[in-house]
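The values are calculated or read from the model by the stated rules, or taken from the named source; none is laboratory data. Predicted model only: the values in this text are computed from it and were never measured. Heads up, the Cβs are rebuilt from the backbone with ideal geometry, glycines too, and the neighbour counts pull from every protein chain shown. Ligands, DNA and RNA are stripped out before the accessible areas are found, and what is left, the full protein with its side chains, is counted by its heavy atoms. Shrake-Rupley method; radii C 1.70, N 1.55, O 1.52, S 1.80 Å.
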Amino acid sequence: MSDREALLDAAVEEFLRFVHLSAPNQAGAVARLGLTLHQFRGIVQVYVQPGISTTEFADAIGVQPSVATGVVQRLVDRGLVARTLDEEDRRIRRLSLTSEGLEVAEEAAGIARSTRRAQLGVLDDAQLVQMRDLLKVLEAGLGAPVPQAQAS
């Protein structure tokens, strides 16, 4: 393993550890809204991406489409999300927030924002600027092809 590969692996491990350790902080705040973590992530996703398809929703919250269908159904049952048929492809369902869903989503987005702000508050201004710039670089690279694993 090259030094670069080892550094990449270490960076990935630290990133995943941060994401894993930060989830309980958010989960406690989310419980006040009566949402599961998947529902919370989902309602925020529909909030920032109105008209998202169920498939895109599944990808965005990191679950299989069959799991996403259940999450969406529970949000629909609670009157937070509405499903409509796509005008161009009737097989696709588009998701949008109801008025009640918008209220919950705004509160959920506020919880997510304040949680992340608290987590990032340990960084000084220079580190925040560096992190912002690095995240922009990472975002720009999201469309890059993912290399296939080599058979050993």
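Within the listed set 140, 31, 68, the Gaussian network model of the chain (springs between alpha-carbon atoms below 10 Å) gives the highest mean-square fluctuation for 140. As a size descriptor, the averaged projected area of the C-alpha convex hull of segment 36-152 was calculated at 10.8 nm².
The charge dipole of segment 58-134, taken about its Cα centre with unit charges on the Cβ of Lys, Arg, Asp and Glu (plus for the first two, minus for the last two), comes to roughly 260 debye.
Under the convention that each Lys and Arg Cβ holds +1 and each Asp and Glu Cβ holds -1, the size of the dipole of segment 1-83 around its Cα centre is about 580 debye. The residue among 118, 145, 76 whose Cα reaches farthest toward the positive pole of the charge dipole of segment 59-152, with charges on the beta-carbon of Lys, Arg, Asp and Glu, is 76. Gaussian network model of the chain, Cα springs within a sub-10 Å range: biggest mean-square fluctuation belongs to which of 30, 44, 67? Result for the chain, Cα springs under 10 Å: 67 fluctuates most. Considering only 134, 142, 80, the Gaussian network model of the chain with Cα springs below 10 Å gives its largest mean-square fluctuation to 142. Which value, in Å², gives the accessible area per residue of the chain when a 1.4 Å probe is used on the protein heavy atoms? Normalised by residue count, the accessible surface of the chain is 71 Å². Surface composition of the chain: carbon plus sulfur atoms contribute 56% of the solvent-accessible area (1.4 Å probe, protein chains only, all chains present). Ranking of 15, 57 by solvent-accessible surface, largest first: 15, 57 (1.4 Å probe, protein heavy atoms only, all chains present). Taking the Cα centre of the chain as origin and assigning +1 to Lys and Arg Cβ atoms and -1 to Asp and Glu Cβ atoms, the resulting dipole is close to 460 debye.
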